Amino acid sequence: MNEELKRDIFELSGIMSVSGFESLATEKIRERYQTYFDEIQVDAVGNHLLRRSCGRTDAPSILVDAHFDEIGMMVTKICEGGFLRFTSVGGLSQSVLQGADVVIYGTRTLRGIITSTPPHLRGDSEDILPEAEELLIDVGYPEEELEKIAPVGTPIGFAPRYRELAGGALAGKSFDNKACGAIAAYAIAHTPRENLAGDVTLLLSAFEETSRIGGVAPGAFSANPDYAMVIDVNLARVPHTPKSETVPLRGGVSLAWSAATHRELTAMTKALCQEKEIPHVMVAAPSSTGTNSPTLNLVGSGIPVVDVGLPLRNMHTYYEVIAPEDADALCRLVQAFIESPALAERFGGRKEELPT
């Protein structure tokens, strides 16, 4: 992996975008990507649409979606002694909450630590994981100050820490799914304009972690693509996990066969992987992919969609892990997808073929 892509993954993943607060990231997204895209639009939902034109008239419209929201927390109560009560936003893993280092995004940012009861004091409850609502965040500020800095409704995220493990794997928070967004943005930005098979929109969609409909529906309605790729992380295999529900780390991208995706577009994307020698595995997701694909597939008059996965370990924790080999494979596939004349020819006239 080149250093620029690694930096992009760390930088984009480190931006606060707790589900429902994605629009707070607009300034940083514009600052990072405005020189590479022709237009960056933010809608009322908090979707970011980054557009790049191929410069030709009557070109097909291609959408690449990677949801931008992250799991997090929200302040529900301010307690005596400098503590905050909170609730989860999205599917937080209870097993890693106690002792976690967090950032409270109030009128100014504060660091805090989620409290943990020592095992010496747990008694009979030692083996029971407390719910998020039973825990507190130790901030250290007086109650009166916290009322002004972090009122009820303030978002909270895991502290952005990133590192490279032995063997080159990358570890840090919120790779789900901002690593995919960073990789897609890099691929689109570094594809020569004359090589684009159509006008490309990168949708950094909102609200995926907290809704099955999500922001992808209005975002895709605005983009009105002829065909689309949804990118999300996929469960990477660790010991004692079923092979049928996981994919190998360093095995390349995953492509899903599903009732929620377009079979021909999926087959043609698989053929692209074979042609370009991009490592990939095929997975079965019969009724749903667990991503934005089922929603995107049903927007407007229907959008052909292929579902692509990036293997990730430790999903929904503060140290998720991805492999640079898989990130490179995804980058190459996005580039091949938006350059493919075969896809543009097959799906480019789709809207005109539909009855009015």
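Side notes on the structure shown:
- Test: residue in the range 283-296 that is in contact with a helix residue (DSSP H, G or I) (Cβ under 6 Å, 6 or more places away or on another chain), of a type in the set (A, V, I, L, M) and within 21 Å of T261 (Cα to Cα): yes
- Yes/no for L202 being in contact with a strand residue (DSSP E or B) (Cβ under 7 Å, 6 or more places away or on another chain), in a loop (DSSP other than H, G, I, E, B) and within 22 Å of T266 (Cα to Cα): no
- Only one of D8, D43 that is touching a residue at least 40 places away in the same chain (Cβ under 8 Å), charged (D, E, K, R) and over 24 Å from E339 (Cβ atoms): D43
- G106 vs. criteria more than 30 Å from E339 (Cβ to Cβ), of a type outside the set (A, V, I, L, M, F, W, C), assigned by TED's automatic domain parsing to the domain that holds E144 and buried (at least 17 other Cβ atoms within 10 Å of the Cβ): yes
- Residues satisfying the stated conditions in the range 299-315, i.e. within 29 Å of P160 (Cβ to Cβ), surrounded by 20 or more Cβ atoms within 10 Å (Cβ to Cβ) and either among the acidic types (D, E) or touching a helix residue (DSSP H, G or I) at 6+ places or on another chain (Cβ under 7 Å) (or both): D307, V308, L310, P311, L312
- The single condition among (1) buried (at least 17 other Cβ atoms within 10 Å of the Cβ); (2) in a loop (DSSP other than H, G, I, E, B) that T57 does not satisfy is (1).
- Spans of strands (runs of 3 or more DSSP E) in the range 232-341 with at least 2 residues in the same structural domain as G219 (by TED's automatic domain parsing), touching a residue at least 40 places away in the same chain (Cβ under 8 Å) and more than 23 Å from E70 (Cα to Cα): 280-284
- Residue in the range 16-31 that is among the polar types (S, T, N, Q) and closer than 24 Å to Y319 by Cβ present: yes
- Which listed residue is within 23 Å of L170 (Cα to Cα) and among the aromatic types (F, W, Y), from F37, F21, F10: F10
- Selection status of E194, in contact with a strand residue (DSSP E or B) (Cβ under 8 Å, 6 or more places away or on another chain), of a type in the set (D, E) and surrounded by fewer than 22 Cβ atoms within 10 Å (Cβ to Cβ): no
- Scanning the range 76-94 for residues that are more than 29 Å from the chain's Cα centre (by Cα) and either of a type in the set (G, A, S) or under 18 Å from S17 (Cβ atoms) (or both) yields G81, G82.
- Here G81 fulfils each of the conditions (1) of a type outside the set (S, T, N, Q); (2) outside the structural domain of H316 (by TED's automatic domain parsing); (3) free of Cβ contacts under 8 Å to residues at least 40 places away in the same chain apart from (3).
- Some residue of the range 118-134 being assigned to a loop (DSSP other than H, G, I, E, B) and at pLDDT 90 or above: no
- Residue under evaluation S211, criteria (1) part of a strand (DSSP E or B); (2) polar (S, T, N, Q); (3) at pLDDT below 95, criterion not met: (1)
- Condition check for V45 on (1) in contact with a strand residue (DSSP E or B) (Cβ under 9 Å, 6 or more places away or on another chain); (2) of a type outside the set (D, E, K, R); (3) surrounded by 18 or more Cβ atoms within 10 Å (Cβ to Cβ); (4) outside any helix (DSSP H, G or I): one failure, at (1).
- Selection from the range 208-232 of residues that are buried (at least 24 other Cβ atoms within 10 Å of the Cβ) and of a type in the set (A, V, I, L, M, F, W, C): V216, A220, A223, A228, M229, V230, I231
- Total residues in the range 60-85, condition buried (at least 24 other Cβ atoms within 10 Å of the Cβ) and either of a type in the set (V, I, T) or more than 30 Å from F221 (Cβ to Cβ) (or both): 4
- Residue match in the range 150-163 (condition: modelled with pLDDT of 95 or more, surrounded by 15 or more Cβ atoms within 10 Å (Cβ to Cβ) and assigned to a helix (DSSP H, G or I)): no
The values are calculated or read from the model by the stated rules, or taken from the named source; none is laboratory data. Bear in mind that the values here come from a model prediction, so they are computed numbers and not experimental data. Neighbour counts are summed over all protein chains in view; Cβ atoms, including those assigned to glycine, are modelled from backbone coordinates with ideal geometry.
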